[in-house]
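Nothing in this text is a laboratory measurement; each read-out follows from the coordinates by a stated rule. Not measured: the values here are computed from a predicted model. Cβ: placed from backbone, ideal geometry, glycine included. Neighbour counts: every protein chain shown.
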């Protein structure tokens with residue numbers, strides 16, 4: 001049992017409140033004398049609602065979560081539902097973070113917040129304005145990770161392609177994501193980089209061309225689409241049309257035919273008709289992509305999408321989700337078969353499960369094989 005439990009909540013999934021309550025109840029049963037602190041996006045959006053959950057001692061907003069240690073010095077079990085939140089407009093600092101649980105792969109946050117106003121999204125309200133670390137700091141973190149034995153870094157952010165704005169949200173650094181990846185490519189010790197997710201309008205031809213010629217940036221992009229209908233994209237307040245998306249995919253595949261491309265898509269957005277969904281399905285079917293992450297639209301308080309009619313019935317949303325998940329399965333099978341018999345480089349992880357170990361090829365195919373200790377955290381040539 002721990003003295004303090006910190007629950008970091010999310011606002012992307014539609015059951016954040018339910019999951020939070022379940023976790024608090026579980027903690028109360030297991031460790032009734034422990035302190036419970038709630039932070040994260042959901043805590044920023046609905047601090048009062050969360051503070052009323054029985055067993056919660058403290059709720060920390062976006063700016064205060066990094067002051068956790070200070071708050072804990074003043075917190076007692078007698079405190080109930082104490083809120084230390086903030087106006088999201090006042091959130092201006094950037095705090096770098098990276099995971100160290102696994103030497104094989106780590107996630108390095110280089111950007112936070114978002115200046116976009118997509119009509120379905122609460123992230124700007126939960127995370128604040130777009131702001132970034134400096135290239136100098138990011139390179140230093142990468143060097144530290146390389147010295148610790150990490151082989152692969154996944155660059156993360158809320159709107160990663162918007163990298164370059166200073167901690168106060170201003171264009172203070174006068175740097176760009178393209179400049180960042182150029183500098184990271186020279187860091188000793190790190191063998192691989194992946195770009196977690198990047199908006200199609202921010203995925204410039206220069207970035208694509210650089211990745212195509214890089215030995216360290218893997219041939220793997222994850223590019224949110226959300227809808228294959230220009231009409232729905234407009235209602236979503238996305239900053240591109242399907243034609244630009246298709247151009248980006250075509251350019252990637254022309255330079256890197258072996259490149260994996262993942263796609264985010266939302267089904268059941270308000271006013272999405274059968275014809276709109278058919279446009280999305282047919283568009284995705286036509287693209288040379290590798291897999292989909294399919295999200296069923298769910299209503300979010302304080303978002304503009306709530307004003308759009310008509311609402312798509314939930315059973316229709318689920319049917320469309322299933323159709324795209326089936327398409328994703330077929331896309332991944334086809335992508336995998338295209339590389340059957342090829343020799344690709346696999347970074348194997350050190351975890352052992354039932355005598356097996358796993359790793360990923362450069363182009364993100366998952367490989368499973370009987371465990372061999374000498375392969376852990378090593379890049380190995382592998383026939384797919």
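Overview of results
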| read-out | value |
| --- | --- |
| Ellipticity estimate at 222 nm from DSSP helix runs (n ≥ 4, -39,500 (n - 2.57)) divided over the chain, nearest 500 | -10000 deg cm²/dmol |
| Correct choice for Cα extents along the principal axes in Å that was computed from the model, options [x] 59, 46, 44; [y] 69, 46, 43; [z] 63, 55, 48 | [z] |
| Order of 222, 318, 293 - criterion: other Cβ atoms within 10 Å of each residue's Cβ, fewest first | 318, 293, 222 |
| Rounded if a/c under 1.5, otherwise prolate or oblate - the stretch 50-137, Cα gyration tensor axes | oblate |
| Cα gyration tensor, the stretch 4-86 - rounded (a/c under 1.5), prolate or oblate | oblate |
| For the stretch 5-56 versus the stretch 263-297, the gap between their alpha-carbon centres in whole angstrom | 33 Å |
| Per-selection metrics, the stretch 91-153 (Cα): Rg and Dmax in Å | 14.1, 43 |
| Footprinting exposure proxy for 280, 9, 296 (fewest neighbouring C-beta atoms within 10 Å first) | 296, 9, 280 |
| Relative exposure of 125, 218, judged by other C-beta atoms within 10 Å (fewest first) | 125, 218 |
| DSSP bridge orientation in the chain - percent antiparallel, rounded to nearest 5 | 35 percent |
| Of 82, 30, 165, the one that fluctuates the most in a GNM where the chain has Cα springs shorter than 10 Å | 30 |
| Compactness index (Cα Rg / 2.2 N^0.38 Å), the stretch 343-383 | 1.01 |
